[in-house]
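Take a look at the structure below.
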Amino acid sequence: MRNTVLHRYGFIVGLLIAAAMAVLPTSATAQVASAYDQAFDDVMQRYQLPGLVLGVIEDGEVSYVRVAGERVAGSGKKIDSATLFKIASNSKAMTASLLARLVDAGKLRWDDPVVQHLPQFRMYDEWVTQHMRVSDLLVHNSGLPEGAGDLMLWPEPNDYTRSDIIHGLSYLKPAYGFRAGYAYDNLLYVVAGEVAAAAGGKSYETLLRSEVFEPLKLHCRVGAWRRDDVDNVAQPHMRKGDRNVLIRADAAQVPVITSAAAGGIRCSLDDMLQWARNWLAPDTQQQAWLSSEQRTAVWTPRTPMPISARRREWDNSHFYAYGFGWRLADVDGVWTVSHTGTLAGMYSVLTLLPDRRSGFVMLTNGEGSEARTALTEVLLKHFTAPALNQRIADYAEPRSTATSPTPPAASTPAVPRERASARQMREWLGRWRDPWFGDISVCARGKAVRFVATKSPMLAGTVLRVGERYLVDWDDDSVDAEAWLDFSAATDGGPMKLRMSKVDPAADFSFDYEDLAFVREQSCDRG
């Protein structure tokens, strides 16, 4: 059932409508709202999302809010504008803002060496260790491979700590020169959160609440909290056949998570609109909260990003760069500041057009990658090229044609899969160790050979044989990137080795199997 909510942070419906009408003539206001409704309905219908919320800001005021769906598909528990969603990497802007607040307070400087605040911090290269600045943690130019070490963060839950992250960085080999170019990473945002904690004298979570949530009146959640004390929490889903299936549901006690500073904050649509309006009002509330100097610092382009052919075609973009927790770009000649958030079963986008004092927020608790892309483009064009009158189909159809999934035969050998036997794998059975990921076992369990990661319980699965190769089929369907297992025999007295890689090369980069280098330490029947 369609569920339309028009309100603004506790104000009655009439006040919101009056505010919107003050900006546009009545007929134009209705036409714009109708266009938003059409886009919202098209996205829900085309992508069959379990839940979706959308808010639009025009000239500094919330002009449109729409919500639909359920917190858990089939539960009857409706989503509203106060429902909490995982905002994933939209957390990065909040982490950067926390650091900016500490800079304003004189507790750190952007050009402080990281080791000044975290003496235990080490990168693979000692020169990089000593020259890494606080600002470098936020701009994706460290030289690490894309998504390096993300297997210590996701899939959640897992047993890696922030100390494990800092320790593990020293084993991650660079793929590029330091400050030589852009490659997205998450681990250094975790480090940035720990820098904030060291400089601020309190935990990252405590500081985020006191420096960001409380002064801006956000009801976002971070750290440990009780699910039932909040109740109004969207849960993630994956698409299975023609159904939305609940995955990775919250336990009664939501724990502190290692990834918080990189992607672990939860906020509602109301919160995200309040957060957005704060950034669109620099001369009022933002000025009191963050100095103009730090506001400029956060939105200053730092690392150039590649401009895809599609971005150039769709958005006529000539400039694209990363700041401190934000992406900066021109769209049809209009300056935009934005970020997306992606976790299993949770997608978000926040886009601001600062010169227009406008923007929009979308959150969903389903497989929303395609939906996010299409809806973002339609909403952008409303502001940057309204005469085009673009619709969801204008972006959904070309995208689905251009990026349709690779047929299985193209990514996996066209030979039968069969369960590997202990006899076939007797040479490779054992307990293995990678210096940053830690221990795994590849051992016989009944009639199967099982791969089990000690610190990441969701990375457990059955080893299959495909021709002359082996792969691991994960038990949990939400872990949707299967991995090849490539063993090599001992040479020159060295240990046996195991390398991994994605079966589907296009799978999410956070499944960074290629960065793993296991050596066998003992047999299965020892220890």
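With a cut-off of 16 Å, note down the residues of segment 133-156 whose backbone N falls inside the zone around a label point 7 Å from the Cα of Gln116 toward its beta carbon.
133-138
Rounded to whole Hz and in sequence order, give me ³J(HN,Hα) for segment 303-313 from the Karplus expression 6.51 cos²θ - 1.76 cosθ + 1.60, θ = phi - 60°, writing x for Gly and Pro.
Coupling constants for segment 303-313: 10, x, 10, x, 9, 6, 4, 5, 4, 5, 5 Hz.
I'd like the distance between the alpha-carbon centres of segment 221-256 and segment 150-192, rounded to an integer number of Å.
A separation of 25 Å, based on Cα centres.
Express the Stokes-Einstein translational diffusion coefficient of the chain in µm² s⁻¹, to the nearest whole number, given a Kirkwood radius over alpha-carbon pairs, 10 °C and a viscosity of 1.306 mPa s.
65
Once you have the Cα-Cα distance between Gln522 and Lys497, take 0.36 nm times their residue separation minus that, and quote the gain in nm to one decimal.
Working: separation 25, 0.36 × 25 = 9.00 nm, distance 1.22 nm.
The span from Gln522 to Lys497 would gain 7.8 nm if fully extended.
Taking the Cα centre as origin and putting +1 on Lys and Arg beta-carbons and -1 on Asp and Glu beta-carbons, what dipole magnitude results for the chain, to the nearest 20 debye?
Numbers: 58 positive and 63 negative charges, 139 e Å.
Result for the chain is approximately 660 debye, rounded to the nearest 20.
Under a point-charge model restricted to the Cβ atoms of Lys and Arg (+1) and Asp and Glu (-1), what is the dipole moment magnitude of segment 222-373 relative to its Cα centre, in debye to the nearest 20? Walk me through the numbers on the way to the answer.
On the way: 17 positive and 16 negative charges, 66 e Å.
Rounded to the nearest 20 debye, it is 320 debye.
Which of the pairs Lys92/Lys240; Lys107/Lys202; Lys455/Lys502; Lys78/Lys240; Lys77/Lys455 have their Cα atoms more than 23 Å apart in this structure?
Working: Lys92/Lys240 30 Å; Lys107/Lys202 12 Å; Lys455/Lys502 20 Å; Lys78/Lys240 21 Å; Lys77/Lys455 34 Å.
From Lys92/Lys240; Lys107/Lys202; Lys455/Lys502; Lys78/Lys240; Lys77/Lys455, over 23 Å: Lys92/Lys240; Lys77/Lys455.
Report the convex hull volume per residue for segment 324-365, counting only C-alpha atoms, in Å³. Kindly include the intermediate steps, with their values, before the conclusion.
On the way: hull volume 3.0 nm³, N = 42.
That works out to 70 Å³ per residue.
What full-extension length gain, to one decimal in nm, is calculated for Asp104 and Arg469 as 0.36 nm per residue of separation minus the Cα-Cα distance? Could you put the intermediate results ahead of the total?
Values: separation 365, 0.36 × 365 = 131.40 nm, distance 5.58 nm.
Contour length minus Cα-Cα distance gives 125.8 nm.
In segment 317-365, what percent of the accessible surface is made up of carbon and sulfur (1.4 Å probe, ligands and nucleic acids excluded)? Could you put the intermediate results ahead of the total?
Details: 550 of 1140 Å².
About 48 percent, which is the carbon plus sulfur part of the accessible surface.
Given a 1.4 angstrom probe, what's the average accessible area per residue across segment 234-352, in square angstrom?
Spelled out: the 1.4 Å probe surface of segment 234-352, per residue, equals 37 Å².
Can you tell me the order of 46-59, 458-471 when each peptide is scored by its average per-residue count of other Cβ atoms within 10 angstrom, highest first? The partial results should precede the final answer.
Numbers: 46-59: 22.6, 458-471: 17.9.
Descending mean neighbour count gives 46-59, 458-471.
Any chance you could run the full-extension gain for Tyr176 through Asn232? It's 0.36 nm times the residue separation minus the Cα-Cα distance, nm to one decimal. Spell out each step's value before the answer.
Details: separation 56, 0.36 × 56 = 20.16 nm, distance 4.38 nm.
Extra length available between Tyr176 and Asn232 comes to 15.8 nm.
Listed highest first by mean packing, meaning other Cβ atoms within 10 Å per residue, what order do 293-305, 243-255 come in?
On the way: 293-305: 16.8, 243-255: 15.2.
Those peptides, ordered most packed to least, come out 293-305, 243-255.
Rg (Å, one decimal) plus Dmax (Å, integer) for the alpha carbons of segment 259-393?
Gyration radius and largest Cα-Cα distance of segment 259-393: 15.0, 43 Å.
Please name whichever of Phe85, Met123, Val103 sits farthest to the positive end of the charge dipole of segment 75-149, dipole taken about the Cα centre and charges placed at Cβ: Lys and Arg +1, Asp and Glu -1.
Result: Phe85.
The values are calculated or read from the model by the stated rules, or taken from the named source; none is laboratory data. What you see is a predicted model; the values in this text were computed from it and never measured. Ideal geometry is used to build each Cβ from the backbone, glycine not excepted, and the neighbour counts take in all protein chains shown. Just the protein is used for accessible areas: all its heavy atoms, side chains included, with ligands, DNA and RNA removed. Shrake-Rupley method; radii C 1.70, N 1.55, O 1.52, S 1.80 Å.
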